[in-house]
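Below is one structure, written out as structure tokens; comments come after it.
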Amino acid sequence: MDIPASLRYTDSHEWVRADADGCVTIGITARAQDQLGELVYVELPALGRRLRRGDACAVVESTKAASDVCTPIDGEVIAVNGLLADSPQSINHSPYQAGWLIRMRPSDPSQINDLLSPEDYLAGPGVA
């Protein structure tokens, strides 16, 4: 399974990348998109929306199910991946690159340290 070493993860299969500008990019893991199957719709939050860790920040819908995506840290949405409106399956083909969901300005960047390392994510529930 593709688990980039440069990212942090959650038990609920979200990933977080700390970007050079101090913001973070968030998406769902290869495991999550694999479990969901071919994605047909993605609902993303409004720009400027303030989110707290655990808030539902997006909905991904496949032919199998719809699932909430929860934000792993507190912050403000500063960008959404507009490509997903016409090509939600970009998440299936490239969950860590073209399939990102949102960018946030974290309220407390240290919260990233509370997330799972790649090794801990691989050892966690529902991954193996």
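Here are the numbers for the structure shown:
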item	result
Flag for Pro95 being part of a loop (DSSP other than H, G, I, E, B) and modelled with pLDDT of 95 or more	yes
Residues of region 1-41 satisfying the condition of being charged (D, E, K, R) and within 14 Å of Pro118 (Cβ to Cβ)	Asp2, Arg8, Asp11, Glu14, Arg17, Arg31
In region 39-74, residue farthest from Arg17 (Cα to Cα) [restricted to those that are surrounded by fewer than 16 Cβ atoms within 10 Å (Cβ to Cβ), charged (D, E, K, R) and in contact with a strand residue (DSSP E or B) (Cβ under 6 Å, 6 or more places away or on another chain)]	Glu61
Residue ID - surrounded by the most Cβ atoms within 10 Å (Cβ to Cβ), chosen from residues in region 104-125 that are small (Gly, Ala, Ser) and modelled with pLDDT under 95	Gly124
Complete set of residues in region 1-34 that are farther than 15 Å from Thr71 by Cα and small (Gly, Ala, Ser)	Ala5, Ser6, Ala20, Gly22, Ala30
Some residue of region 7-15 being over 13 Å from the mean Cα position of the chain (by Cα), at pLDDT 95 or above and surrounded by 13 or more Cβ atoms within 10 Å (Cβ to Cβ)	no
Lone qualifier among Val60, Val77, Val40 - being touching a helix residue (DSSP H, G or I) at 6+ places or on another chain (Cβ under 7 Å), assigned to a strand (DSSP E or B) and either acidic (Asp, Glu) or in contact (Cβ under 8 Å) with a residue 24 or more places away in the chain (or both)	Val60
Region 98-110 residues that are in contact (Cβ under 8 Å) with a residue 12 or more places away in the chain and more than 14 Å from Pro88 (Cβ to Cβ), paired with ones that are assigned to a loop (DSSP other than H, G, I, E, B) and not hydrophobic (A, V, I, L, M, F, W, C) (beta carbon under 6 Å, 6 or more apart)	Ser107/Asp74; Asp108/Asp74
Any hit, region 24-38, residues being within 23 Å of Ser110 (Cα to Cα), at pLDDT 95 or above and not β-branched (Val, Ile, Thr)	yes
Selection count, region 80-90, where residues are more than 22 Å from Ile3 (Cα to Cα), touching a residue at least 24 places away in the same chain (Cβ under 8 Å) and either surrounded by 20 or more Cβ atoms within 10 Å (Cβ to Cβ) or touching a helix residue (DSSP H, G or I) at 6+ places or on another chain (Cβ under 7 Å) (or both)	1
Residues satisfying the stated conditions in region 5-37, i.e. outside any strand (DSSP E or B), over 18 Å from Leu122 (Cα atoms) and touching a residue at least 24 places away in the same chain (Cβ under 8 Å)	Asp19, Gly22, Cys23, Leu36, Gly37
Members of region 72-97 that are within 14 Å of the chain's Cα centre (by Cα) and under 19 Å from Gln35 (Cα atoms)	Leu84, Pro88, Ser90, Ile91, Asn92, Ser94, Pro95, Tyr96, Gln97
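The values are calculated or read from the model by the stated rules, or taken from the named source; none is laboratory data. Because the structure is predicted, anything quoted here is derived from the model rather than measured. Neighbour counts are summed over all protein chains in view; Cβ atoms, including those assigned to glycine, are modelled from backbone coordinates with ideal geometry.
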